[in-house]
Protein chains: 2
Amino acid sequence: MTELSTMKDGVANQAEASDRVLQILAEAGRLFASKGFEGTSMRDIALACGISKSLLYHHFSNKDEIYARVAVGSTLELYLFVRDRIPDGPPSQKIRAFMVATAEYFRRYRWAWIASTTAFWNDPDRHRHKERLTRRDRFENFLRGLIQEAIDAGEIRKVDVPMTGRLILSSLNWMHRWYNPNKSATPEQIADIFFDMIFNGLRSGQLVELPGAEPPKAGRRKSR
Amino acid sequence: MTELSTMKDGVANQAEASDRVLQILAEAGRLFASKGFEGTSMRDIALACGISKSLLYHHFSNKDEIYARVAVGSTLELYLFVRDRIPDGPPSQKIRAFMVATAEYFRRYRWAWIASTTAFWNDPDRHRHKERLTRRDRFENFLRGLIQEAIDAGEIRKVDVPMTGRLILSSLNWMHRWYNPNKSATPEQIADIFFDMIFNGLRSGQLVELPGAEPPKAGRRKSR
DNA sequence: GTTTTCACCGACCGATCGGTCAAGTCCGGC
DNA sequence: GCCGGACTTGACCGATCGGTCGGTGAAAAC
């Protein structure tokens, strides 16, 4: 039972699914993440689950559907997941919360996340590809809104908003390529460090308030 | 001829190769980049080149060798390429030059770069995988050296060096997922913007020198 | 003029791919 | 006792995979 609940942890939003389906989604996610969609055969998935290949087709109509269930679980609700974790307060703190929440999502649904961001960055399925872009844009626009908010409040300087969003998302999205769950910090802690670096900058020196600008209370300046 | 020289641009360090080999490497790079290694068949490559599949095996011993030639051309010399473009001067400017040079490399060998970073992040070929990690480490350690230099010179504050390196590389490595060569800035310009954001920070306010620290002349503070 | 070399091709191979299907097992309700 | 439905299987399918093989035609070497 502990094993099943562990597996459940890796699969997002599959509440109504049976244990077997959850097991398939978990194993498929791991395989898609490490070997890619094309590099993973239905036989691989069946073998990893200790079941026959036919059984996969009893629970899913085809390989694409397995991938879709894995990927949908990891990206469909990312926006909602993050949005609900943004507290009231200074805009810069909202940006930090955005980064930490995204990192938490990554930690919780790591394999599904990797599977969905690695495979199919040019999806041959046009409808699915378009839907993916829509979700990505909604997520990215949400972040841009927070950045604009912080600029309007005078907490951050007048930077290029889309480019700033890309920098922040890059720091989070690339994490799966080097993150090692057995070492170092949690994804949330890493996101926090990155926020500090990006917000306060690397440059040595001491910040003084600009006349007319609101005093930025947010963000910590810590040495490591 | 112009067509051949254009193709040559996308393939690094294949000086001694024939035009046909260069064409195969260029087309294979594009295909590997957009569909992945497993998702690209030898028939796909042959079709894209307008030749028979047999001819691929006349010029290369197998599929792996084509991939290796594509990937090696893109990563083997990255370290040397970047190292030779680091000027003498303030350490922070070296970091900036590092970022701009990496971006230039990305622009010049875009498809090969994407192919080599997308496919095989868990390479089944153990020797090749180890070699790749070695090259990556050498590149990353080079950057860490520059960061440490900047800290010792008092140009940047006492941040966590490996984590700072990861932030910088993340901003560059994720670029291929959103960069559009037809729009906006060049990769070098983007790298320059990212350096400004990371070095100076997003936070509004004015920097004053810390007593005892060398005055950081490097890095520009610009609004966009 | 003959032979060697080399870029190139169509036909073919065994293995594996995603996917199907008829048949069996298990199990609670009657 | 048995019946219906959920779960599970091994045998099998056509298509495609990476890779091989014998051969062609033209230019280079002799």
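Let's see how each residue does on (1) out of contact with any helix residue (DSSP H, G or I) (no Cβ under 6 Å at 6 or more places or on another chain); (2) aliphatic (A, V, I, L, M):
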{"residue": "B:Asp160", "(1), (2)": "yes, no"}
{"residue": "B:Gly165", "(1), (2)": "no, no"}
{"residue": "B:Leu169", "(1), (2)": "yes, yes"}
{"residue": "B:Met175", "(1), (2)": "yes, yes"}
{"residue": "B:Pro187", "(1), (2)": "no, no"}
{"residue": "B:Ala191", "(1), (2)": "no, yes"}
{"residue": "B:Phe194", "(1), (2)": "no, no"}
{"residue": "B:Asn200", "(1), (2)": "yes, no"}
{"residue": "B:Arg203", "(1), (2)": "no, no"}
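Here is a yes/no grid of residues against (1) in a helix (DSSP H, G or I); (2) of a type in the set (Ser, Thr, Tyr); (3) within 21 Å of the chain's Cα centre (by Cα):
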{"residue": "B:Ser54", "(1), (2), (3)": "yes, yes, no"}
{"residue": "B:Ser61", "(1), (2), (3)": "no, yes, no"}
{"residue": "B:Asp64", "(1), (2), (3)": "yes, no, no"}
{"residue": "B:Ile86", "(1), (2), (3)": "no, no, yes"}
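Can you report the number of residues in the stretch B:54-104 which are within 16 Å of DNA strand D (Cβ to nearest atom), open to solvent by less than 20 Å² (accessible area, probe 1.4 Å) and of a type in the set (A, V, I, L, M, F, W, C)?
Filtering the stretch B:54-104 down to residues within 16 Å of DNA strand D (Cβ to nearest atom) leaves B:54-71.
Narrowing further to those that are open to solvent by less than 20 Å² (accessible area, probe 1.4 Å): B:56, B:60, B:66-67, B:70-71.
From what is left, the residues that are of a type in the set (A, V, I, L, M, F, W, C) are B:56, B:60, B:66, B:70-71.
Final tally of qualifying residues: 5.
Identify the single condition in (1) open to solvent by less than 30 Å² (accessible area, probe 1.4 Å); (2) in a helix (DSSP H, G or I) that A:Glu188 does not satisfy, given that it satisfies every other one.
Checking A:Glu188 against (1) open to solvent by less than 30 Å² (accessible area, probe 1.4 Å); (2) in a helix (DSSP H, G or I), the one that fails is (1).
Counting only residues that are within 14 Å of chain A (Cβ to nearest Cβ) and touching a Lys or Arg at 6+ places or on another chain (Cβ under 7 Å), how many does the stretch B:16-41 have?
Narrowing the stretch B:16-41 to residues within 14 Å of chain A (Cβ to nearest Cβ): B:30-41.
Among the residues that remain, those that are also touching a Lys or Arg at 6+ places or on another chain (Cβ under 7 Å) are: none.
Here the count works out to 0.
Among what's in the stretch B:25-53 and is near DNA strand C (Cβ under 9 Å from one of its atoms) and hydrophobic (A, V, I, L, M, F, W, C), pick the residue that is most open to solvent (accessible area, probe 1.4 Å).
The qualifying residue most open to solvent (accessible area, probe 1.4 Å) is B:Ile51.
Name the residues in the stretch B:140-160 that are assigned to a helix (DSSP H, G or I) and open to solvent by 20 Å² or more (accessible area, probe 1.4 Å), would you?
Initially, the stretch B:140-160 is screened for residues assigned to a helix (DSSP H, G or I), giving B:140-152.
If the condition is that a residue be assigned to a helix (DSSP H, G or I) and open to solvent by 20 Å² or more (accessible area, probe 1.4 Å), then B:Glu140, B:Asn141, B:Phe142, B:Arg144, B:Gly145, B:Gln148, B:Glu149, B:Ile151, B:Asp152 are the ones that fit.
Identify all residues within the stretch B:112-139 that are more than 19 Å from B:Met99 (Cα to Cα), more than 10 Å from chain A (Cβ to nearest Cβ) and open to solvent by 30 Å² or more (accessible area, probe 1.4 Å); write none if there are none.
The answer is B:Asp125, B:Arg126, B:His127, B:Arg128, B:His129, B:Lys130, B:Glu131, B:Arg132, B:Leu133, B:Thr134.
Check B:Arg224, B:Arg166 and return the single one that is at pLDDT 95 or above, open to solvent by 40 Å² or more (accessible area, probe 1.4 Å) and facing another protein chain (nearest Cβ under 7 Å).
Details: B:Arg224 fails: at pLDDT 95 or above.
Among B:Arg224, B:Arg166, only B:Arg166 is at pLDDT 95 or above, open to solvent by 40 Å² or more (accessible area, probe 1.4 Å) and facing another protein chain (nearest Cβ under 7 Å).
The values are calculated or read from the model by the stated rules, or taken from the named source; none is laboratory data. Quick caveat, the model's predicted, so the values are computed rather than measured. For neighbour counting, all protein chains shown are included, and Cβ atoms are generated from backbone atoms with ideal geometry for every residue, glycine included. Surface areas here come from the heavy atoms of the whole protein model, side chains and all, with no ligands, DNA or RNA. Shrake-Rupley method; radii C 1.70, N 1.55, O 1.52, S 1.80 Å.
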